[in-house]
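Peer 1: Handing you this structure, nothing more for now.
The values are calculated or read from the model by the stated rules, or taken from the named source; none is laboratory data. From a predicted model like this one, the values you see are computed outputs, not experimental measurements. Here the Cβ is made from the backbone with ideal geometry for all residues, glycine too, and neighbour counts use every protein chain on show. The protein model used for the area step is the full one, side chains on, heavy atoms only, and it has no ligands, DNA or RNA in it. Shrake-Rupley method; radii C 1.70, N 1.55, O 1.52, S 1.80 Å.
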Amino acid sequence: SKATVSVLNWFHHTYRNMTPAPPVAKNLPKERTAFHWVPEDEPHAKRKQQIMNKYGDQLRPLMRPEPLTIPIVGALVALQLAVGIATKDWGWAPWLITAYVVGGTVNHALFLAIHEIVHFLACENAWANKILACVANIPIGFPYTSTFHQYHMVHHRAQGHDGVDVDLPTEFEAKLMNNGVVGKFFFCFFQILFYALRPMAVTSPKVSSWTIVNWLIQGSFVMALTDYTGSFTPQLYFLISTFFAGCLHPVSGHFLSEHFETHYGYETYSYYGPLNWLAFNVGYHNEHHDFPNVPWSRLPQVKKIAPEFYDNLPQCPSWPGMIFDFITNPEMGVYSRVKRFPQDGRKVQ
């Protein structure tokens, strides 16, 4: 619709030039009708070894937890709880606006705090990280940290392996939503649901002691908050905030920018713009995949220490611009992902 295009144009013109794009031709196929299948291994392990061979002495001191994550998580959780309670009697219009502007931004930051914590990069002790992740999970509205840990570690170990890496869209998703503005808009609008439901369709999570603790903490909090406020509205505020955080939100462009193939033959992209301040530097995504044991606060140092390994890689100039390009560019779609054959050599459709 014209209204949809107008909103997307606003995102595009507001944020597109925040970071200059590198002078690299895209060289994409004119129309995507299949995933880009490759036989090669993912690029990060090899590049990490090359960088460590050259700069290992400078990089090893960076590989330790970042305790600053703990008070930041506490502040974000407190802010979201306060807003959720304060707005419980508001009218629907200001309530929804607040859920998008404040709640969506805070919950997206908490997504990425959890991403850091499940790498065990906040605390020295493993169970301290697990409990902190459960606390950060509270305003998200549903417990997911323990299962996310399982899926995300596989994403790092088997990036691009079909049927294994659940970060990859399925063939069903691609056929359903790949063609045209409407289908891709639908994919972006509901992408948080695809990220939540896809793993259950592709594989089965294991129930661990962490899973049980995660559910107990989340369930206890929901009951306590509902009893304290006499209303389920704050919990609904958290859930709507989570939906907005993964919907057409400026920061949610990172879901697309990290691994959707905007330059043929490259499967991971970094973004170095100012929205990293709201996202625990997740934009430094090549650096993160090369060094997943370096916390968010030190990822810029990785790039500074080894610039020749990153400066010439294709970059994402803008997260909101990425959403716009994904929806409107006919050369991009749900098929715009690199997939590799599973590790047993079979190609799984």
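Peer 1: For T33, T105, give the ranking by accessible area with the largest first, probe 1.4 Å.
Peer 2: Sorted descending by solvent-accessible area, the residues read T33, T105.
Peer 1: Here's a follow-up. Evaluate the Kirkwood expression for the hydrodynamic radius of the stretch 236-279, namely the inverse of the mean inverse distance over all pairs of different C-alpha atoms, and round to one decimal in Å. Walk me through the numbers on the way to the answer.
Peer 2: Values: mean 1/r = 0.0841 Å⁻¹.
Answer for the stretch 236-279: a Kirkwood hydrodynamic radius of 11.9 Å.
Peer 1: In sequence order, what are the phi-derived ³J(HN,Hα) couplings for the stretch 257-274 according to the Karplus relation 6.51 cos²θ - 1.76 cosθ + 1.60 with θ = phi - 60°, rounded to whole Hz, with x for glycine and proline?
Peer 2: 5, 5, 9, 6, 7, 8, 10, 4, x, 10, 10, 9, 9, 9, 10, 10, x, x
Peer 1: Now for a different question. Quick query: amide H of H161 versus all other amide H atoms, modeled in the peptide plane; which residues come in under 5 Å with a sequence gap of 5 or more or a different chain?
Peer 2: Amide H to amide H, under 5 Å and 5 or more residues apart or across chains, H161 pairs with R340.
Peer 1: Express the accessible area of the stretch 243-349 per residue in Å², computed with a 1.4 Å probe while the remaining protein chains stay in the model.
Peer 2: 31
Peer 1: Using the basic label-point model (7 angstrom from Cα toward the beta carbon), what is the K46 to L313 distance in nanometres?
Peer 2: If labels sit at K46 and L313, their model points lie 1.4 nm apart.
Peer 1: What is the distance in Å between the Cα centroid of the stretch 298-330 and that of the stretch 199-267?
Peer 2: Measuring centre to centre over Cα atoms gives 25 Å.
Peer 1: Taking all protein chains as present, what is the carbon and sulfur share of the accessible area of the chain, in % to the nearest whole number, probe 1.4 Å?
Peer 2: Taking all protein chains in place, the chain shows 65 percent carbon and sulfur surface.
Peer 1: For the chain, set up a GNM with springs between Cα atoms under 10 Å and report which of M332, M223, M153 has the largest fluctuation.
Peer 2: M223
Peer 1: Could you grab the Rg to Rh ratio for the stretch 182-320? Cα atoms only, Kirkwood for Rh.
Peer 2: Using Cα coordinates only, the ratio equals 1.04.
Peer 1: Grab the alpha carbons of the stretch 277-348, take their convex hull, and tell me the volume per residue in Å³.
Peer 2: 149
Peer 1: How much accessible area does I70 have with a 1.4 Å probe, in Å² rounded to the nearest 10?
Peer 2: Probe radius 1.4 Å; accessible area of I70 about 70 Å².
Peer 1: Could I ask something else about it? Hydropathy at least -1.0 by Kyte-Doolittle, axial extent at least 27 angstrom from the Cα trace: which helices of the chain, defined as entire DSSP H runs, fit?
Peer 2: 209-229
Peer 1: A follow-up question, please. Would you pull out the residues with amide H under 5 Å of S270's amide H, same chain only if 5 or more places away, H placed 1.01 Å from N?
Peer 2: Those lying under 5 Å, H to H, from S270 are H285, N286, C316.
Peer 1: Which length gain, in nm to one decimal place, applies between Q58 and A128 when the Cα-Cα distance is subtracted from 0.36 nm times their residue separation?
Peer 2: Values: separation 70, 0.36 × 70 = 25.20 nm, distance 2.78 nm.
Computed gain between Q58 and A128 is 22.4 nm.
Peer 1: Sorted from largest down, give the three principal axis spans of the alpha carbons of the stretch 62-205, whole angstrom values.
Peer 2: Result, largest extent first: 45, 42, 27 Å.
Peer 1: Could you give the semi-axes, largest first, of the ellipsoid that matches the stretch 118-165, computed as the square roots of 5 times the alpha carbon gyration tensor eigenvalues and rounded to whole Å? If you can, show how the numbers build up before the last one.
Peer 2: Working: eigenvalues 101, 40, 8 Å².
Taking √(5λ) for each eigenvalue gives 22, 14, 6 Å, largest first.
Peer 1: Restricting to Cα pairs below 8 Å that are 6+ residues apart, what does the relative contact order work out to for the chain? Please round to a whole percent.
Peer 2: Result for the chain is 34 percent.
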